[in-house]
Amino acid sequence: RRYRKALAANNALDFDDLLLLPVQLLQQNAHVRSYWHRRFRHVLVDEYQDTNKAQFELIRALASERKNVAVVGDDDQSIYSFRGADISNILSFEEHYPSAKVVLLEQNYRSSSRILKAAMAVVKNNRGRKDKELWTEAADGEAIRLIVGADEEHESRQIVEEVQRLIGSGVPPSEIAMIYRTNAHSRPL
């Protein structure tokens, strides 16, 4: 309560308020809702698989009149549940927008076919996903090697040893890259 009072006393909002208050305003005020329905004829959303409940409600409120909403997302790439992302938003999209046309983008342009097959072998085990079959015209590429570490320190030592081996065999450092999902993974390295 004190936090909310301090925000109000300072005419301030926190991050959650930037989502929740517009949702409440659109849901409770027909004049405001009508204005924004006229203002936005189309609602476009990227990374829809990582939307949370408040974002879902905001999108629904903005698109409630025309139902002219387009989303892009991949349920297999949802990674922000720890931040409140709700995978059911994308999985139930067609239930909320029954006239929507779903276009599966199954061709992959970035990965070798070997990487794509390995990734599909993993994600096919996920529960609660839309069925799709990714494919590529790319060649098989190099064999996949798996490094298993007892913990992040052990894993990091193995990666450093591999980089040292590559450099020792004549691979220039400018040809070596480490790619990780979040910056926190870089700390042990």
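Quick notes
- Counting residues in segment 30-40 that are open to solvent by 90 Å² or more (accessible area, probe 1.4 Å), of a type in the set (S, T, Y), assigned to a helix (DSSP H, G or I) and over 30 Å from N125 (Cα atoms) gives one or more.
- Scan segment 89-127 for residues that are in contact (Cβ under 8 Å) with a residue 40 or more places away in the chain and open to solvent by less than 50 Å² (accessible area, probe 1.4 Å) and the total you get is 4.
- Which listed residue, of A12, A54, A6, is outside any loop (DSSP other than H, G, I, E, B), over 24 Å from S88 (Cβ atoms) and either in contact (Cβ under 8 Å) with a residue 24 or more places away in the chain or open to solvent by less than 100 Å² (accessible area, probe 1.4 Å) (or both): A6
- Meets criteria (at pLDDT below 95, over 17 Å from L19 (Cβ atoms), out of contact with any Asp or Glu (no Cβ under 7 Å at 6 or more places or on another chain) and open to solvent by 80 Å² or more (accessible area, probe 1.4 Å)) for R83: no
- With respect to the conditions (1) outside any helix (DSSP H, G or I); (2) without any contact (Cβ under 8 Å) to a residue 24 or more places away in the chain, L21 lacks only one, and its number is (1).
- For the criterion of being open to solvent by 90 Å² or more (accessible area, probe 1.4 Å), free of Cβ contacts under 8 Å to residues at least 40 places away in the same chain and either assigned to a helix (DSSP H, G or I) or not basic (K, R) (or both), E161 passes.
The values are calculated or read from the model by the stated rules, or taken from the named source; none is laboratory data. On a predicted model such as this, the values are computed, not experimentally measured, just so you know. Cβ: placed from backbone, ideal geometry, glycine included. Neighbour counts: every protein chain shown. Note: areas computed on protein heavy atoms with side chains; ligands, DNA, RNA excluded. Shrake-Rupley method; radii C 1.70, N 1.55, O 1.52, S 1.80 Å.
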